[in-house]
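Working notes for the structure below.
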Amino acid sequence: MAERPRFLCGVVEGFYGRPWSMDQRKLLFQWLQRRGLNCYMYAPKDELKHRLLWREPYTEHEAARMRSLIEAAQEQGVEFIFAISAGQDMVFSSAGDRLLLQQKLRQVAAMGCRSFALLFDDIDPCMCQADRDVFPSLAQAQASVANEVYQELGQPSIFLFCPTEYCSSLCSPSPSQSCYLQTIGQELLPGIGVIWTGPKVVSQELSAVLLEEVEAVLRRHPVIWDNLYANDYDCRRVFLGPYMGRAPGLMSRLHGLLLNPNCELQANFIPIHTLGTWFRSELGSCAHPDHAGMEVVAALGDSQGAQDGSYSPQEALELALCDWVAEINQQALEPGGRAPGHPSISIKGGPRLQAGTEGGQEVTLDPQSHYSAPGGADQHSPEPCRVAPEEECREVTSEPDKNSGNRTPAGHQQSPTRAEDQLTTGSRESCEPSSAPPSEAGSAQSVGIPVATKTLPSPSPTMSSSNGANTSPNISLPTSDARTGDGSPSQSPSSTQSEVIRTDVPRTPPGSGAGASPGAPAPLTDEVGASPGPMAPVTPEEPKTSPIAPVTPDEAGSGAMTPKEARTSPTLQVTPEEPRTSPMAPVTPEEADSGSITPKETRTSPTLQVTPEKARSSLMLPVTSEGAESGPMALITPKEARSNPTAPLTPEEAVSSPTAPLTLEEVRMLVELFYLPYHHGALAQELLEHFRWLRANSLSVGVPPTTPDACGGTRWRGRAQSFQLLCARTCRLHSRFVSTAGRALLYDLHPYLWDIRNMLLAACAFVLWLDGHLLCDPDPKGTWGNCFGWCQSITAPILLGRDAEPWARRGGLFGELQALLPIGNSCDLFYHPPPLFPSSQLYLLRPLLPLDKGELYRMCRESLDCDPKVAEILVAHPDLLGDRLLGSFLSLSPEYTFVLEDEGGPCGYAAGALHAEGFLQQRDSSWLPAIRHKYPPDLGTGGSALGQDALEEAVLFFHAEPLAVPQPVLRRFPSLVQLGTAPRVLDVGASRSLALCLLSALRANGSRGVFCQVSDADRQQLSFYSKLGFVALPVAWGSSPGAQLLGRLL
């Protein structure tokens, strides 16, 4: 065995959660071989016979699969290390337990394994009485077992031992003074290697100086178990950044380094790629040319990075990005590479639905693909990709080519995960958010082809608690057959399910371009993410080049900026003199005559009579310096975003190929959103800095403004627009990723990107709402400052020192963004699983506009499934249902109404009243009398036609005497809310974002609690509200016995 490299560098599958499948591990071996890495440790914590049932031998079938795995590793030149974790319940003094442990390892040795590891991490340090009678300490007991097993196996060249105190933070009082480590160093035989994670469980930095102390106490060079990329402690975080924080020259102080990566195999391409670059640079810098492992460098030559001994994380990342782009796009082209998803659905001509659907319809899948997860969320094994070994390594210059993302690597094929791919596994104890691919039905589905979908909790229009009477009929999600664009039904993937969800293919809405791209708002520049460091500070000499640099009054009113200035400072205002040199340029008067209105007209004349299409198209107009002083900022809609010229794909490319391959810049954005546990990437840092600044300076655009001049408002609106564009870029990235990524990668990374998309929808809408709606009341009960004082003391992240482990930073970028909202992380009481079928639909969430009323009323009207008789009544009284659901809010409290919009127009709303008591009094005294004249009391009475109940309930509510809300409710929950979405909104994340921004707006202006009324029969609504923290209130209100009040504190 002397020919094996003495320095071990590779991957340990040592995380908690669902173990990888056999095919995934074989793909990993190919990745390791390509990167020059030489070992893999099998140590999945939740594989039953590794840890919990360690005494049980493998069955004949399990042994055959394990043998196949060991042979696959050896074929790729990867050392297979079999680890067993027996410390949870082993009686160290028991001859029986020792014999069972040796038999288990001998069984694996008979399969061809030559390297082993005993793991005693994460166990109770207390021994049982039988052990205390024999051994003076736990270290003595563990060393005795390890030495005996090592000798029984013939003293293999690689035999590792993981101590119970495996990092400095677990040693008492320090590694050098730890009695446990001193005993381990003295008692373990010299040929046994000891595993160490560094100063902490997840160590931010490793250096030779930090290792000197542990090296001295262990009396040998340690083997590093590197948890830098481990994400099993936080179901909202994944790490895609480059390997970094490990000092040069580290290899001479180590016996090996094993990376414990992300739970999602497809997320580990860049970590493994950059680890390989680090390993080669360390080998190249070794002082002794004959150092074992140098043959790897000779074999690889200079084709995979610089061999001058220096390692640059950013250069390594550039190399890895180019290769990952090619890998991603190649996987997507393989048969079955794309996963089915929801099409973009238009409201025009949408199908009518049967009312009363409760909870949605489950899609029947192959039971072998299910995996039980906490909280009842269905989890599935991701589709692995088989990668053929490369014939030879390709040449890559040390300076990566910016256009090299389209290079084609060796072909990769995917195969479905089988139930037998897994060894015996236990129930998952970790919070793994990955949604897994359903059983594939037919060939790959492209975006826009309808497929069977699963209904998820999403609020549908229900009766407002303000209205005090009966609830409206339940407006359900689609539960009929899927249809193609011409109305013909498409075949269901499963003929056994009782109902199949009905969807519509996308249609071009009136007023939009016929061939518009389905993309989302574009990136600010092509170089936004290309900063030399992820957290590089801005020097005083470079304020103008920072993407978040504030705009000075002189800049706002000065001349045009150059294209370079536009790229380096996306917050710079574009002047009217240069309308066509920037994609953010305002619309000229000539263009306004041809189909839109100018920004000035939009802001100075809110009652201007324009069509809804014109109104929506004008929303994307940027804020000029003049407009910033005179009124609120404008926003970008999904329809207009499709033709945004700053997108990575040009409109022509998107029209010809809506699912064009991901670009290098898009993949870079993905990495920057999910960088490393202690560092944010450039895009994530930019989002956080913008949002923090906007929150801290929000009073400058409050009511009334706190600044006497308009300069503060101009600066704030310019910063807000930059934040909006960054949010739009990220939302578009989500849509593009769903449309183009291969199945395995999609189901590994979509949950994380989906979370960020949802949070940015809410944050962007809240920023838009701040401009002109935030109350600057000196009353401490209703001020913004008081609100955030409460949030910081209750829900905001604790200020952490350098010694804090990364799990103290819950949620990563998602958690930090959510903590900046007024309601903070208190809204994150329950985990909302991502859709089983990811949707590429683009959404915009924004405050209400004057022309939204007609669209929202149409949404309410079309959501009702009714027969021709009822339809005739609705034709005569088209506003009936809209007035019942939304009329009082739009008339009396429009400033607390938010609209969810997709490419078909408004598709959801969240309405609220800050002071519910005054709102209800005004509704009863002024609004209801006018409505009673509008609708006669006998309208729609008689008969039992479909939809009749909704009409009768609405008319009854208008003419019945409203009951007062109990005072205890109003004292504890002073605000009223109501949510509703169109049936085509199948993404619960968009609905949750809708609720989040409304609750944030109410909390920002001083509310401490909200309530709503929901029907007892509407389990979908009850489930949705309960996951937002609402609880049933033990009071009765209204004349409907089937309704209940829900409330939550803010």
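By its C-alpha gyration tensor, with a ≥ b ≥ c as the square roots of the eigenvalues, how is region 856-938 shaped: rounded for a/c under 1.5, else prolate for a/b larger than b/c, else oblate?
oblate
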Rounded to the nearest 10 Å², the 1.4 Å probe accessible area of residue 176 is 50
For the pairs 853/1027; 45/200; 853/934, note any where the Cα-Cα span goes beyond 21 Å. 853/1027
Regarding region 657-697, what's the average projected area of the Cα-atom convex hull, expressed in nm²? 4.2
Amide H of residue 1043: which non-local residues (sequence gap of 5 or more, or other chain) have their own amide H closer than 5 Å, using H built in the peptide plane? 1016
If packing is taken as the average count of other Cβ atoms within 10 Å, what order do 755-766, 254-265 fall into, highest mean first? 755-766, 254-265
Could you tell me the extents of region 1-70's C-alpha atoms along the three principal axes, largest first, rounded to whole Å? 33, 27, 20
So for region 883-1004, using the alpha carbon gyration tensor with a ≥ b ≥ c as root eigenvalues (a/c under 1.5 gives rounded; past that, a/b versus b/c decides prolate or oblate), I'd call it oblate
Tell me, what ³J(HN,Hα) does each residue in region 803-819 have, in order and in whole Hz, if you take phi through Karplus 6.51 cos²θ - 1.76 cosθ + 1.60 with θ = phi - 60° and put x for Gly and Pro? 7, 6, 6, x, 5, 6, 8, 4, x, x, 4, 4, x, 5, 5, 5, 5
Cα extents of region 23-181 along the three principal axes, largest first, in whole Å? 46, 34, 28
Given the protein chains as shown and a 1.4 Å probe, how many square angstrom of residue 282 are accessible, to the nearest 10? 10
Note down the net charge around residue 907, summing +1 for each Lys or Arg and -1 for each Asp or Glu among other residues with Cβ under 10 Å from its Cβ. -3
Tally Lys and Arg at +1 and Asp and Glu at -1 over the other residues with C-beta under 9 Å from the C-beta of residue 44: what net charge comes out? 0
How charged is the neighbourhood of residue 1044? Take every other residue with its Cβ under 11 Å from the Cβ of residue 1044, and add Lys/Arg as +1 and Asp/Glu as -1. -2
On the full set of protein chains, 1.4 Å probe, figure out the accessible area of residue 97 and give it in Å² to the nearest 10. 20
Estimate the FRET efficiency between residue 1049 and residue 62 by the formula 1/(1 + (r/R0)^6), using the beta-carbon distance for r and 45 Å for R0, to the nearest 0.05. 0.30
Amide H to amide H under 5 Å from residue 83: which residues, 5+ apart in sequence or cross-chain, H placed 1.01 Å off N in plane? 42, 117
Using alpha-carbon positions, the gyration tensor of region 989-1040 gives root eigenvalues a ≥ b ≥ c; with a/c under 1.5 called rounded, otherwise prolate if a/b exceeds b/c, else oblate, the class is oblate
Of 39, 711, ordered by accessible area with the largest first and a 1.4 Å probe, the sequence is 711, 39
Residues whose built amide H sits under 5 Å from the amide H of residue 225, excluding neighbours closer than 5 in sequence, are 196, 197, 258
In Å, the Kirkwood estimate of hydrodynamic radius for region 93-180 over Cα pairs equals 14.3
Mean separation of Cα contacts under 8 Å (at least 6 apart) over the residue count of region 7-162, i.e. the relative contact order in percent, is 22
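The values are calculated or read from the model by the stated rules, or taken from the named source; none is laboratory data. Keep in mind that this is a model prediction, so the values were computed, not measured. Note that each Cβ is placed from the backbone with ideal geometry, even for glycine, and that neighbours are counted across all protein chains shown. With ligands, DNA and RNA removed, areas are computed over all heavy atoms of the protein, side chains included. Shrake-Rupley method; radii C 1.70, N 1.55, O 1.52, S 1.80 Å.
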